[in-house]
1. So how do 290-299, 48-57 stack up, highest first, on mean other-Cβ count within 10 Å?
2. Whole Å is fine, so just give me how far the alpha carbon centre of region 103-120 lies from that of region 267-309.
3. Sort the following peptides by mean Cβ neighbour count (other Cβ atoms within 10 Å, averaged over residues), highest first: 318-331, 110-123, 60-73, 171-184.
4. Hey, what number do you get for the chain at 222 nm if only DSSP H runs of n ≥ 4 count, each worth -39500 (n - 2.57), divided across all residues, to the nearest 500?
5. Consider just the alpha-carbon atoms of the chain and return their Rg together with their Dmax, both in angstrom.
6. State the Cα centre-to-centre distance between region 22-60 and region 209-231 in whole Å.
7. Could you give each residue of region 103-109 its phi-based ³J(HN,Hα) in whole Hz, using Karplus coefficients 6.51, -1.76, 1.60 with θ = phi - 60°, and x for Gly or Pro?
8. Tell me, what does the Kirkwood hydrodynamic radius of region 1-141 come to in angstroms if you use every pair of distinct C-alpha atoms?
Amino acid sequence: MKISKQRFGVLSDGTKVTLYTIQNKRMSFSVTDYGCTITSVVLTDSSGGFSDVVLGYSTLDGYITGTCFFGAFIGRFANRIGKASFSLDGTKYKLDKNDGQNMLHGGFSGWDKKVWHAKTVNNKTQAGVKFTRFSHDGEQGFPGNMKIEVTYLLDDMNNITCRYTAVTDKACPVNFTNHSYFNLAGSGTVDDHILKLSCDYTLDIDSKLIPTGKLLDVENTPFDFRTDKKIGHDIKETGNGYDHCYVTHSYDPDNPHCGSPVSDERIVRVAELTEPVSGRCMTVDSNMEGIQLYTGNWIGGIVGKNGQVYEKHGAVCLETQCFPDSPNKKDFPSCILLPGEKYKAVTVYGFKF
């Protein structure tokens, strides 16, 4: 496998930003130290052509000014925390209200806008990049000094393995994810993509997309993807599109550590996505108890790579994660990382083409 790097741009303060490209015989992906952002996943096809199957921008400026989190790593807490606050050990913590009255993806000072330290990794079976960062106590309003590692690795079987670890010196909610937008056709909408989710339940949510604490059975609802179904088949019945957290089979309500930051890495198949015209298929395996299905409901009209204008429902995000608003839901699996423990999440995106 081959790793190459090039200058991606320079920030206004003079900080240099690098783009890394990792390639095997049939595919490649690129990632930048700006936000640990996956900027491309390029797959070959039977005719010898290439297609980039993730959305994003052609230049660093797009990622600096963009608000859609294309390909970004999200922390300290992915998804939403209701009323932008939580209480822990008798102290109430106030967060940024960047989504109405709620916090979304860490608030205004997101990790997707930070430059991370990067180190390439290349061994007999995998190649990629390990990113590290130190988050100070109080950053984004969260407690604890935290050390984070984010590693993306490609192997010869066309799997991209994403590993996230963290340690802290104070108890703190933790929820990491990658926010890549996938379109296996390379353009158009994902309405005709076929999705299968190995999930029997979704989280019930209110009008602001905050979980109520209840689990809803997907049977006989538009949210049932337990067998192959086109994403667009029932999408109109959801209103604007899917933006819902599904419960994976990693969740075990009888195991208090299931889904918690220190759970073992019991990886399960969560999702399969197929584009029938090209025949491309993507699988998602993870040890996380939740996966957010988001169908690009707010990306219509955004100008992306090479001037391409993205359409509403022009991509699908499959964001493995803890349950949203977990710090405020006593019946959800714990998302609290304690001193002496190690957060460890893993997600594998596999590609067949």
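1. Working: 290-299: 22.1, 48-57: 18.4.
Highest to lowest by the protection proxy: 290-299, 48-57.
2. Cα centres, region 103-120 to region 267-309: 21 Å.
3. Ranking, from highest mean packing down: 171-184, 318-331, 60-73, 110-123.
4. Details: 1 runs with 6 residues, N = 353.
It lands at -500 deg cm²/dmol.
5. Final numbers for Rg and Dmax: 19.0, 62 Å.
6. Each part reduced to its Cα centre gives a spacing of 31 Å.
7. Result, ordered by residue: 9, 10, 6, x, x, 6, 9 Hz.
8. On the way: mean 1/r = 0.0593 Å⁻¹.
Computed over region 1-141, the radius equals 16.9 Å.
The values are calculated or read from the model by the stated rules, or taken from the named source; none is laboratory data. Here the structure is a predicted model, which is why all the values come from computation and not from measurement. Because the Cβ atoms are built from the backbone with ideal geometry, glycine has one as well, and the counts that use them run over all protein chains shown. When the accessible area is computed, the model is the full protein with side chains, heavy atoms only, and any ligands, DNA or RNA have been set aside. Shrake-Rupley method; radii C 1.70, N 1.55, O 1.52, S 1.80 Å.
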